[in-house]
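What follows is a short report on a single structure.
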Amino acid sequence: MTRVRPDPDRQGKFLGEMKAQQKSRLYFLGLFVLLGLVPLVLRSEYYLHVLIAMFYHVIYATTYRFILRTGQFHFGAHAFVGIGAYASVLLVMRAGWSFWLAMPAAGLIAAFFAVLIGYPTLRLKGIYFAIITWGFGDTLRFIYMRFKEPFGGPLGIFAIPGPNPITIPGLITIDFSQKTHFYFLALALMIVTLYILHRMEQSRFGLIFGAIREGDRLARAVGINIMNYKVLAFAVCSGLGAMAGSFYAHYTYYISPLDFSVLLTIYLAIYTVVGGQERYAGVIVGTVVLMLAGEVFAGYSHYQLLMYSGFLIVILLFLPGGLISLPGLLTRVGSRAEEKEGEKFRNDPA
Amino acid sequence: MEITELIQITVNAISIGAIYALLALGLTLLFGIMDILFFAHGAMYMLGAYAAYYLCTKLGLNYFVALPIGVILIGLIGVVMEKGLFRPIRNDHVAIIFLAIGLNWFLESTGFVVFGLRPKPVASVFTGQAHFFGATISWERAVVVLIGLLAVLALYFFLMKTRWGLGMRAFAEDPLTAELQGISNDTVCSLGFLIGCGLAALAGLLVAPIFILTPTMGSHAVLISLLVIGLGGLGSIPGALISAFIIGIIESFGTSYLGADITWGMIFIFVIIFLIIRPTGIMGVVRE
Amino acid sequence: MTQLELQKVSKFFGGLAAISRLDLQVQQGEIIGLIGPNGAGKTTTFNVITGELRPNEGEVIFEGQDITGLRPHQVATLGIVRTYQLVTLFPGYTALKNVLVGLHLGARIGFAEAILNSRSHQRKELHLYRQAQEILNFFNLQAVADEPAENLPHGLQRKLGVAIALAARPKMLLLDEPLTGMNPNEVLEMIATIRRIRDRNGITVVVVEHNMRAVMALCERIVVINFGVRIAEGAPQDIQANKQVVEAYLGSDSHAA
Ligand SMILES: Nc1ncnc2c1ncn2[C@@H]1O[C@H](COP(=O)(O)OP(=O)(O)O)[C@@H](O)[C@H]1O
Ligand SMILES: [Mg+2]
C-alpha cells in the first residue's frame, strides 16, 4: 500500500508523454500510408470490400466505445448512424448537395440530435439512457418506414449516387468508379476518426473524462461541468459515427430501415466487450477479429449472431479484459511460473 | 352505438394492457430487486411460447397441464443461468448487462437454428367470444387477462406476505441487512431469477395461442417491456401495471381510429418524449 | 467584510432537520472552524453551500450574490471549493494528474486546439504542467508526482486532496475534516500549510474538524452547531469557556481534545 519511492527521473515522465503526443500524428500518417499500400498488393474486390466494411465498422465501434467510457450505457448507436445515412442521402438526392458537403452536414445533424437527447438524459444512470436511446432509434425506424415521402418507406432508398468525382487537374481523377477509390475514402475517414478519438483521450479532455469516471463528485467540486463534457463526447462521437453512416449509404447505393436496427448497436457492443473496452486498441481488435470470423458465416446471419453472442458470453466469464488483455495475461502467467521456478531453486538444499 | 363502441375499445385496452403488464412484470421485478436489466427476459418469453408449441401441439398435452410445466422448466433454466453465469460476476454491473444482452441474442439465434423460421401454430383452447354490455372479447384473451391478474395478485401476496418476499424486498433496500434477516443473498438471487424467468415464460405460454411464434418475438417483447417499465418507472410494479394499461388504451383507441402502425409510432414518440422530460417515469425515483 | 452568509438555512431529510434555520457569517480572509458532535449537520452545511443539496428554506449569499440552488460546478466557478470528509482524489491518476484536473477552471483549452495539438496548445499544456508542479511543491509532494494517488500513504492523500482544491484557485476553501487519520506531526504540518494558504493567497478557510487541539490552534473564530442549530460562536478561548458547548460537545467527547 504505502510504497513511495521518490522518482529521480520524474521531470521526464509527464513531459515525455507530451513529447510522444507531438509525434503521434506521424504514427497515424504512417498507418495511413501502410494501409494505403494494401490495394497495390490485394487485387481482389471481395477482400477490398471486406476491408472497407471493416473500416467503417471500426468507426462505429470506436465512437460507440468512447460513449460507453463516459459511463453511459448507449443503446442507440444505430439511431445516429441512421440519421447520418438518411440525412446525407436526402441532402444529395433531394437538395442536390455535393456528397462532400452532405457528409459533414449529416455529421452535424446527428450531433445536433445527440445534444438534444443528451442534455435531459445524460445525467441519469446508464439504464435510463439505454432505454431512451434504444427507443429513439426505433422511433426513427418507424418514421423511416411510415413516411415513404421522403424516407422511402420500408423498402428504403434506391439508386443512391456515389460521392461526387474529385479532379485534381493534370494529376488524377477520383470518380469512385473503382473499389480502390472507396477504399481510400473509408481509410481516410477511419484514420481521421481514430486520430480525433486518440486526441480526445490523450488531451486535457481525456484527462477530464477520466476524472469524471474516477470521481464525479470531486470533479464537480473543482468546477467541471460534467454534463457539458458528457454531451460533448456524445455529440462528437455520434457525429463521427453518422459520417461513417453517410459513407455507408453512398458506398452501398442503398439504405433501408432494416440497416439501422438495434442489432447494429448489439454488434458494436459485442465488438467492444470482446476486444476489451479498457483500451481503444481493444475495440479495433474486437471489430477486426469478429468481422473476419463473421465472414465465414457471411449470408447466414443467425449463425453469425450465434457465434458473436456466444463469444461475448465466454469473454465476459473468462476474459473480462477482452482479447486485448490476453498478451499481458500470458506474460504475467509466464513470469509467475518463472518466479516459482526461481523459488524452487533457492529452496534447494544444495 | 357510441357507448358500446367505447366499451369495446376499453375492453380491448384492458386485454392489450394485461398482456403488456404480464410481459413487463418479470423484467421490472428483477430490476427492482437486483438492479439488473435482464435483457434475456425476451428470450425466456420466446422459450415460453415455444414450450407451449412443443408441449401442446407436438406432445398433445392439455394446455393447462403445459402451463405449469413450461413455467417451472423455464424458471429453473433461469436459476441455472443465475448460478452458472450471473453469480460469478454479480458485482460488475456493466458486465451483467452485457451478459444479459449476449444471452438474449444467443438464445434468439439458437431459436432460429433449432425452431426454424417458420411461424409455429398453437391451437387455441378457447374458441368463441364472451359478451358483456354489448362488447365482445374472445375467450382466449379473456383467459390471458384473468390469469395475468391472478399472477399479479400472487406476486403481490408473495412479496408482501411471505418470508421470502420480505427477504427479497429487504435485499432490494440493502443486501447486508437482508442477509441478517436470515435469507442469504444467494437464495434471493436464485429466487429472483426463478420468478422473473417464470413470469416471462408464463407470458410466453399465455400468448402462444394468440400471437405468431417466431424466434424474434422475444427481442420485440423486450423493447415493448422496456417502454412499459420505463414509462412506469423502473423497478416499480404498480408503475408497470399503470403504464401497461396506458399504452393499452393508446393502442386500442389508436388502432380503432388511426391505424396500427401510426399508433405504435405515436406510442414510441410519446414514451420517449415523456422519458426525456421525466426520466423517472410515472412512479420511479431518480437514481443519478 | 462578510464574504459568505447563510440566512436561516434549513435542510430536512424526511422528518429530520439536519440543519435548522442556521445563520452563519464568514469574513473575507479568516480561518473559521465549524465544529459540533457527529451528526450535527456540518457536512450538510457544506453540501448546502456548494450546491450539492438544495436547502428547504433560507438563502446562501456569496460576495453579495444569492447562490442558493446553483449547481456545484457553478459554485466552484464563483470561487468556493471544498474537500470531502473521506479521502477525495482521483485514485487511478498520478498526483500530478490529480492536480492537473484541479486546474480545470484556469485551463481554458478549446476542443479544436486540443484535437489539432497546435503549438500554442502545447505551450498551454506546458504552462499547466508548471503550475501543477508549483502546487505540488507548495505541499511538499513533488517527490511523489508520478505516483498513482491510490498508492500514497493516507497523510499524503489528504494533502493531495487539499492540493487539488487549491489548484482550482478558490476564494474560499471548505475543508471537511482535513486532519482525520493523520499522525501528530502531519497534523502540525497541515496546520502550517492551511495557514500559509490563507496568508499567501488571502484565501478564506472554513474548517470542519474533530481534533480540538488543532481547531484551537488553527482557527481565529469558531462556530459550534448541535442538532443543526448554532449554539455558540466566538474566539477559541471563549468557546473553550462556554458551558453549553462543553456540555453538548467537549464534555461528551473529551478524549478528542
Ligand atoms: N443524504 C442524507 N440522507 C438522509 N439523512 C442524511 C443525509 N445526509 C445527512 N443526513 C443526516 O443529517 C444529519 C447531519 O449529518 P451531517 O451533516 O453529515 O453531520 P456531521 O457532518 O456534522 O457529522 C445526520 O443525522 C445524518 O444522518
Ligand atoms: Mg460530516
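Could you give the distance between the Cα centres of segment A:308-328 and segment B:1-64, to the whole Å?
34
Normalized C-alpha radius of gyration of chain C, against 2.2 N^0.38 Å?
Cα Rg divided by the expected 2.2 N^0.38 Å: 1.05.
If a/c stays under 1.5 just call it rounded; otherwise compare a/b with b/c (prolate if a/b is bigger, oblate if not). Do that for segment A:128-281, with a ≥ b ≥ c from the square roots of the Cα gyration tensor eigenvalues.
Oblate is the answer for segment A:128-281, as a/c is 1.5 or above yet b/c matches or exceeds a/b.
Accessible area of A:Arg141, 1.4 Å probe, to the nearest 10 Å²?
40
Between segment B:191-205 and segment A:111-173, what is the separation of their alpha carbon centroids in Å?
First find each Cα centre; the distance between them is then 36 Å.
Tell me, what % of the accessible area of the protein assembly as shown is carbon and sulfur with a 1.4 angstrom probe? Present the calculation step by step, with values, prior to reporting the outcome.
Numbers: 24370 of 38430 Å².
Answer for the protein assembly as shown is 63 percent, counting heavy atoms of protein chains only.
Over segment C:20-90, with the other protein chains present, what is the accessible area per residue in square angstrom, probe 1.4 angstrom?
Spelled out: the 1.4 Å probe surface of segment C:20-90, per residue, equals 37 Å².
So, taking all protein chains as they sit and a 1.4 Å probe, how much accessible area belongs to B:His41, in Å² rounded to tens?
Around 10 Å² of this residue is reachable by solvent.
Show me you know the interface measure: the accessible area buried between B and A, both chains summed, probe 1.4 Å, in Å² to the nearest 100.
3800
Provide the per residue accessible area, probe 1.4 Å, for chain A, rounded to a whole number of square angstrom.
45
Over all distinct alpha-carbon pairs, what is the Kirkwood Rh of segment B:79-156 in angstrom?
Result for segment B:79-156 stands at 16.8 Å.
Calculate for the protein assembly as shown the 222 nm mean residue ellipticity that helices alone would give, adding -39,500 (n - 2.57) per DSSP H run of length 4 or more and normalising by residue count, nearest 500 deg cm²/dmol. Let's see the in-between values first.
Numbers: 36 runs with 562 residues, N = 895.
Dividing the helical sum by the residues of the protein assembly as shown leaves -20500 deg cm²/dmol.
Connecting C-alpha atoms closer than 10 Å in a GNM of chain B, tell me which of B:Glu251, B:Glu179, B:Glu140 has the biggest fluctuation.
Its mean-square fluctuation being the largest, the pick is B:Glu179.
Averaging sequence separations of C-alpha pairs under 8 Å and six or more residues apart, then dividing by the length of chain C, give the relative contact order as a whole percent.
The normalised contact order for chain C reaches 26 percent.
Taking a probe of 1.4 Å and counting only protein heavy atoms, give the total accessible area buried between chains A and C in Å², rounded to the nearest 100.
4100
With no solvent and one point per C-alpha, what does the Debye sum give as log10 I(q)/I(0) for the protein assembly as shown at q = 0.07 Å⁻¹?
Summing over Cα pairs of the protein assembly as shown leads to -0.69.
State, to one decimal in nm, how far the label point of B:Phe158 lies from the label point of A:Thr331, with both points 7 Å from Cα in the Cβ direction.
5.1
Using only the Cα atoms of segment C:92-167, build the gyration tensor, take square roots of its eigenvalues as a ≥ b ≥ c, and label the shape rounded, prolate or oblate: rounded if a/c is under 1.5, else prolate if a/b is larger than b/c, else oblate. Mind showing how you got there, number by number?
Numbers: a/c = 2.39, a/b = 2.20, b/c = 1.09.
It comes out prolate by the Cα gyration axes.
Taking a probe of 1.4 Å, how large is the accessible area per residue of segment B:3-277, in Å²?
Roughly 40 Å² per residue, with all protein chains present.
For segment B:168-275, what log10 I(q)/I(0) values come out of the Debye formula at q = 0.10, 0.11, 0.16, 0.18 1/Å, with one point per alpha carbon and no solvent?
Normalising to I(0) and taking log10 leaves -0.41, -0.49, -0.88, -1.02.
Label B:Ile273 and A:Phe297 with points 7 Å out from Cα along Cα→Cβ: what is the distance between them in nm?
The answer from the label model is 4.0 nm.
For peptide C:152-158, how many partner chain Cβ atoms fall within 10 Å of a residue's Cβ, on average?
Counting Cβ atoms of other protein chains within 10 Å of each residue's Cβ and averaging gives 2.
Based on Cα coordinates alone, diagonalise the gyration tensor for chain A, multiply each eigenvalue by 5, take square roots, and list the semi-axes in whole Å, largest first.
Details: eigenvalues 288, 128, 102 Å².
Working from the Cα gyration tensor, I get semi-axes of 38, 25, 23 Å.
Just tell me how shielded B:259-272 is by partners: mean number of partner chain Cβ atoms within 10 Å of each residue's Cβ, no decimals.
The mean count of partner-chain Cβ atoms within 10 Å per residue comes to 4.
What does the structure give for C:102-109 when I average, per residue, the other chain Cβ atoms found within 10 Å of the residue Cβ?
4
Please list, ordered by chain and number, the residues whose modelled amide H lies under 5 Å from the amide H of C:Gln27; skip anything fewer than 5 residues away on the same chain.
Here the answer is C:Gln3, since their amide H atoms fall under 5 Å of that of C:Gln27.
Considering every pair of different Cα atoms, what Kirkwood radius, in Å, is found for chain B?
After inverting the mean inverse Cα-Cα distance, the result is 19.5 Å.
From the cross-link list A:Lys148/B:Lys120; C:Lys97/C:Lys159; B:Lys83/B:Lys120; C:Lys42/C:Lys97; A:Lys19/C:Lys159; A:Lys13/C:Lys124, which pairs have alpha carbons spaced over 24 Å apart?
Too far apart for the 24 Å limit: A:Lys148/B:Lys120; B:Lys83/B:Lys120; C:Lys42/C:Lys97; A:Lys19/C:Lys159.
Output ³J(HN,Hα) for segment C:41-53: one whole-Hz value per residue in order, computed from phi by the Karplus curve 6.51 cos²θ - 1.76 cosθ + 1.60 with θ = phi - 60°, and x for Gly and Pro.
x, 5, 5, 4, 4, 4, 4, 6, 5, 7, x, 6, 10
In a Gaussian network model over chain A where Cα atoms closer than 10 Å are linked, find which of A:Leu292, A:Leu26, A:Leu330 has the largest mean-square fluctuation.
Maximum among the listed residues: A:Leu330.
Give me the residues in segment A:285-316 whose solvent-accessible area, probe 1.4 Å, is reduced by at least 20 Å² once all protein chains are included instead of the chain isolated.
Going by heavy-atom accessible area, the residues of segment A:285-316 that drop by at least 20 Å² are A:His302, A:Tyr303, A:Leu305, A:Leu306, A:Ser309, A:Leu312, A:Ile313, A:Leu316.
How high is the relative contact order of chain B, given as a whole-number percent (alpha carbon pairs under 8 Å, six or more residues apart)?
This gives 37 percent for chain B.
Between A:Phe28 and C:Asn183, how high is the FRET efficiency from 1/(1 + (r/R0)^6) when r is the Cβ-Cβ distance and R₀ = 45 Å? Nearest 0.05.
Numbers: r = 50 Å, r/R0 = 1.12.
My answer for the efficiency is 0.35.
Heavy-atom accessible area of C:Leu16 with all protein chains present, probe 1.4 Å, nearest 10 Å²?
About 110 Å², rounded to the nearest 10.
If amide H atoms are built 1.01 Å from N in the plane of the peptide, which residues on other chains or at least 5 residues away come under 5 Å of the amide H of C:Ile231?
C:Val224, C:Ile225, C:Asn226
Enumerate the calculated ³J(HN,Hα) couplings along segment B:131-144 in order (Karplus 6.51 cos²θ - 1.76 cosθ + 1.60, θ = phi - 60°), each rounded to whole Hz, writing x wherever the residue is Gly or Pro.
Rounded to whole hertz, the list is 10, 7, 6, x, 9, 10, 9, 5, 4, 5, 6, 4, 5, 4.
Looking at C:Leu141, C:Tyr84, C:Ala235, which one has the Cα that reaches farthest to the positive end of the dipole of chain C (charges on Cβ: Lys, Arg +1; Asp, Glu -1)?
C:Leu141
Between C:Leu173, C:Leu116, C:Leu218, which gets the highest mean-square fluctuation from a Gaussian network model of chain C, Cα cutoff 10 Å?
The residue that fluctuates most here is C:Leu116.
May I have the extent of the alpha carbons of segment C:165-209 along their three principal axes, as whole Å values ordered from largest to smallest?
Cα spread of segment C:165-209 along its principal axes, largest to smallest: 28, 18, 16 Å.
Which sequence of A:His74, C:His210 reflects their accessible areas, 1.4 Å probe, from the largest down?
C:His210, A:His74
Could you give each residue of segment B:43-57 its phi-based ³J(HN,Hα) in whole Hz, using Karplus coefficients 6.51, -1.76, 1.60 with θ = phi - 60°, and x for Gly or Pro?
Residue by residue, segment B:43-57 yields 5, 5, 5, 4, 4, x, 4, 5, 4, 4, 4, 5, 6, 8, 5 Hz.
The values are calculated or read from the model by the stated rules, or taken from the named source; none is laboratory data. Everything quoted here is computed from the prediction, not taken from an experiment. A quick note on method: Cβ atoms are made from the backbone with ideal geometry, for glycine too, and the neighbour counts reach across all protein chains shown. What goes into the accessible areas is simple: the full protein's heavy atoms, side chains included, and nothing from ligands, DNA or RNA. Shrake-Rupley method; radii C 1.70, N 1.55, O 1.52, S 1.80 Å.
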